[in-house]
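K.L.:
To start, I am sharing the structure in question, which I have written as C-alpha cells.
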Amino acid sequence: MSTHAAARVAAPTRREQILREAARLFAERGFHGVGVDEIGAAVGISGPGLYRHFPGKDAMLAELLVGISERLLAGGRLRVAEDGASGDGSPDALLDALIEGHIDFALDDRPLITLHDRELDRLRDTDRKRVRQLQRQYVEVWVDAVRALYPALAENEARVTVHAVFGLLNSTPHLTRPEALPDRTATAALLHRLARGAFAAAATP
C-alpha cells in the first residue's frame, strides 16, 4: 500500500473528527451559524468537552484552513520527491500525480473549499498570511512541474494556467445536487482530462 493510501485508511483521531464535523457544519451554515454545542453533538461529546482539544471555534477555523494548505503543499512536495527518486524523473508522470492529489482534495474535502472561499478573511492576520504563503509555495510546485513538461510555456503563463486549473478542480462544491456528479471514479477521470487539456491548450502556440 502506498503512503497516500495508508494515510487515507488510517482511523481519524478525535481531534480530526472534530475538525471534519466543524468543517462540514461551517460550510453548511456559516461560521457564526454554528455553536460549539452543535459541533460537540456531531462527534458525540459535550460542547465544553471540545475545549480539551481546541480553545474555541476560531482555533478550529485556523487549524482547518492552515492545515489543508500545509497538507496540499506537503503532498505536492512529496510527489516531486517521489518522481525524482523513481530514477526516470518523468515530467508527464509528475504532473499526473499532482493533478491526482489535488483531485482527491477537491472530491474528498469539498467543505474545506467552501470554508476557504467564505471564511478566510475571519482568520487572524498571521494565520491568513500563513495560508497565503503556503498557497503561493504550492502554486510554484505546480509551475515548476508544468514548465518541466512544457518548457516553451512562459513562467507567468504557466502560473495563470495553474490558478485556472485550481479554479476548475475546486469547483466541485458548486455541484451540490446528487445527480450533478457521476460516481467518484468517473468524476476524477473527467477532472483529470479537463486539467490536462487546460495545460496542453496553454502550451499550444
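The values are calculated or read from the model by the stated rules, or taken from the named source; none is laboratory data. Just so you know, these numbers come straight off a predicted model, no measurement behind them. Every residue, glycine among them, receives a Cβ derived from its backbone with ideal geometry; neighbour counts consider all protein chains shown. Ligands, DNA and RNA are stripped out before the accessible areas are found, and what is left, the full protein with its side chains, is counted by its heavy atoms. Shrake-Rupley method; radii C 1.70, N 1.55, O 1.52, S 1.80 Å.
K.L.:
Looking at the stretch 21-40 only, could you name the residues that are surrounded by fewer than 17 Cβ atoms within 10 Å (Cβ to Cβ) and under 25 Å from Thr126 (Cα atoms)?
P.N.:
First, pick out the residues of the stretch 21-40 that are surrounded by fewer than 17 Cβ atoms within 10 Å (Cβ to Cβ): 28-30, 32-33, 35, 37-38.
If the condition is that a residue be surrounded by fewer than 17 Cβ atoms within 10 Å (Cβ to Cβ) and under 25 Å from Thr126 (Cα atoms), then Gly30, His32, Gly33, Gly35 are the ones that fit.
K.L.:
Additional query: Tell me which residues, restricted to the stretch 103-130, are among the basic types (Lys, Arg) and crowded, with 19+ Cβ neighbours inside 10 Å.
P.N.:
Step one: of the stretch 103-130, the residues among the basic types (Lys, Arg) are 110, 118, 122, 124, 128-130.
Matches in the stretch 103-130: Arg110 only.
K.L.:
Hey, does the stretch 164-178 have a residue that's open to solvent by 90 Å² or more (accessible area, probe 1.4 Å) and modelled with pLDDT of 90 or more?
P.N.:
no
K.L.:
Do we have any residue at all in the stretch 79-89 that's in contact with a Phe, Trp or Tyr (Cβ under 8 Å, 6 or more places away or on another chain) and assigned to a helix (DSSP H, G or I)? Steps first, please.
P.N.:
The initial filter retains those residues of the stretch 79-89 that are in contact with a Phe, Trp or Tyr (Cβ under 8 Å, 6 or more places away or on another chain), namely none.
Within the stretch 79-89, not a single residue is in contact with a Phe, Trp or Tyr (Cβ under 8 Å, 6 or more places away or on another chain) and assigned to a helix (DSSP H, G or I).
K.L.:
Give all pairs with beta carbons closer than 8 Å in which a residue from the stretch 10-34 that is touching a residue at least 60 places away in the same chain (Cβ under 8 Å) and assigned to a helix (DSSP H, G or I) meets a residue that is of a type in the set (Asp, Glu) and buried (at least 19 other Cβ atoms within 10 Å of the Cβ); count only pairs at least 6 apart in sequence or on separate chains.
P.N.:
Close Cβ pairs satisfying both conditions: Ala23/Asp109.
K.L.:
Right, here's the next one. Got a number for residues in the stretch 131-153 being open to solvent by less than 50 Å² (accessible area, probe 1.4 Å), within 22 Å of Leu194 (Cβ to Cβ) and among the aliphatic types (A, V, I, L, M)?
P.N.:
7
K.L.:
If you scan the stretch 41-88, which residues turn out to be aromatic (Phe, Trp, Tyr) and surrounded by 15 or more Cβ atoms within 10 Å (Cβ to Cβ)? First the steps, then the outcome.
P.N.:
Narrowing the stretch 41-88 to residues aromatic (Phe, Trp, Tyr): 51, 54.
Phe54 - this is the single residue of the stretch 41-88 that is aromatic (Phe, Trp, Tyr) and surrounded by 15 or more Cβ atoms within 10 Å (Cβ to Cβ).
K.L.:
Collect the residues in the stretch 39-78 that are of a type in the set (Gly, Ala, Ser) and assigned to a helix (DSSP H, G or I), keeping them in residue-number order.
P.N.:
The first filter runs over the stretch 39-78 and keeps only residues of a type in the set (Gly, Ala, Ser), leaving 40-42, 44, 46-47, 49, 56, 59, 62, 67, 69, 74-76.
Of everything in the stretch 39-78, those that are of a type in the set (Gly, Ala, Ser) and assigned to a helix (DSSP H, G or I) turn out to be Gly40, Ala41, Ala42, Gly49, Ala59, Ala62, Gly67, Ser69, Ala74, Gly75, Gly76.
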